[in-house]
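See below for the structure under consideration.
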Amino acid sequence: MDTTLDCRGLACPGPVLRCKECVEKEAPKTLSVTVDNQAARENVTRFLTMRGYAVEAVEADGISTLTATATGTAPQPEPAATRQAVDNPKTAVFLTADTVGRGDPELGAKLMVNFVNTLPELGEGLWRIIMVNGGVKLAVAGSPVLPKLKELAAAGVSILVCGTCLDFFGVLDKKEVGETTNMLDVVTSLDLADKVIQI
């Protein structure tokens, strides 16, 4: 059975939640999803790909139509769908700003550089870095911590960057590290982490 979803105008994580409900209830062979922003396009594409669909996108006048076709391969686990053994706890770092603390913005920016550069000290427990609000600015071109974040990503640390936030600040096309994500992934990640460090 083929299904069509019109997700225009839905705020994050609305488009992904509608796709999730459809896939779980109907398991369509072909699914057509219409979205009206780049963040939703990336989030829906990633979600459907992980659920075993091949996704093609056509864009016209700011509207994206995503056609997803079931590949017959087993779905991949969602980013936050597995928990490691208790003897290898997972730490999530939740970055809500591009500075640390309140007071002087210049000092706060320097402290954030120091903080990110020190994250490798968490060792194998560092599982995921989640960026929302002003924190997404750390993942875009020109960020002073971009080299360190790329190094962490290459070492296997998962980096999730809020698509709605990137879109709000007008830097969606400037993201250079991490996966564009949605609030469903954020909430699930925070729930599954054994420890959360919030800045």
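The values are calculated or read from the model by the stated rules, or taken from the named source; none is laboratory data. Because the structure is predicted, anything quoted here is derived from the model rather than measured. Note that each Cβ is placed from the backbone with ideal geometry, even for glycine, and that neighbours are counted across all protein chains shown. Heads up: the accessible areas ignore ligands, DNA and RNA and are worked out on the full protein's heavy atoms, side chains in. Shrake-Rupley method; radii C 1.70, N 1.55, O 1.52, S 1.80 Å.
Under 1.5 on a/c is rounded, so check that first for segment 89-195, then, if it is not, pick prolate when a/b is larger than b/c and oblate when it is not; a ≥ b ≥ c are the square roots of the alpha carbon gyration tensor eigenvalues. Rounded, because the longest to shortest axis ratio a/c is under 1.5.
Taken as Cα centroids, segment 177-199 and segment 95-135 sit 15 Å apart, rounded to the nearest whole angstrom. Solvent-accessible surface of segment 1-57, averaged per residue with a 1.4 angstrom probe and all protein chains in place: 48 square angstrom. Which shape class, rounded, prolate or oblate, goes with segment 135-199 when its Cα gyration tensor gives a ≥ b ≥ c as root eigenvalues, a/c under 1.5 marks rounded, and past that a/b bigger than b/c marks prolate? The shape class here is oblate. Under 12 Å of direct C-alpha separation, and excluding same-chain neighbours fewer than eight residues apart, Lys195 reaches no aspartates and glutamates at all. Within straight-line reach of Lys175, meaning a Cα separation under 20 Å, sit the following lysines at least 8 residues removed in sequence or on another chain: Lys137, Lys148, Lys150.
By the beta carbon rule, with partners counted only under 4.7 Å, the chain holds these lone Cys residues: Cys7, Cys12, Cys19, Cys22. Put simply, the amide H of Thr180, placed in the peptide plane, has neighbours under 5 Å in Val161, leaving out anything fewer than 5 places away on its chain. The accessible-area ordering, largest first, of the residues Leu10, Leu31 stands as Leu10, Leu31, per a 1.4 angstrom probe.
Against the criterion of solvent-accessible heavy-atom surface with a 1.4 angstrom probe, Lys137, Lys110 sort, most first, into Lys110, Lys137. Relative to the dominant Cα principal axis of the chain, helix 183-192 is inclined by about 60°.
In this structure, the amide hydrogen of Ile129, modeled 1.01 Å from its nitrogen in the peptide plane, lies closer than 5 angstrom to those of Val93, Ser158, Ile159, Leu160, counting only residues at least 5 positions away or on a different chain.
In terms of accessible area, using a 1.4 Å probe and ignoring ligands and nucleic acids, Met50, Met131 rank largest first as Met50, Met131. For Asp104, the solvent-accessible surface computed with a 1.4 Å probe is close to 90 Å², ligands and nucleic acids excluded. Based on the Kirkwood radius over alpha-carbon pairs, what value in µm²/s does the Stokes-Einstein equation return for the translational diffusion coefficient of the chain at 37 °C and 0.692 mPa s? Stokes-Einstein gives a translational diffusion coefficient of 185 µm²/s. Which residues among segment 185-199 fall inside the zone where the amide N is under 20 Å from a point 7 Å beyond the Cα of Thr118, along Cα→Cβ? Inside the label zone: 195-199.
For the chain, the longest principal axis of the Cα atoms and the long axis of helix 38-50 meet at an angle of about 70 degrees. Sequentially through segment 115-121, phi angles give Karplus couplings (6.51, -1.76, 1.60; θ = phi - 60°) of 4, 5, 5, 8, 4, x, 5 Hz, Gly and Pro residues having no value and appearing as x. For segment 2-81, a simple Cβ point-charge model (Lys and Arg +1, Asp and Glu -1, everything else neutral) yields a dipole of about 200 debye relative to the Cα centre.
If you fit an axis through the alpha-carbon atoms of helix 14-26 and take the longest principal axis of the Cα set of the chain, what angle between them do you get, 0 to 90°, nearest 10? Taking Cα atoms only, the helix is inclined about 50 degrees.
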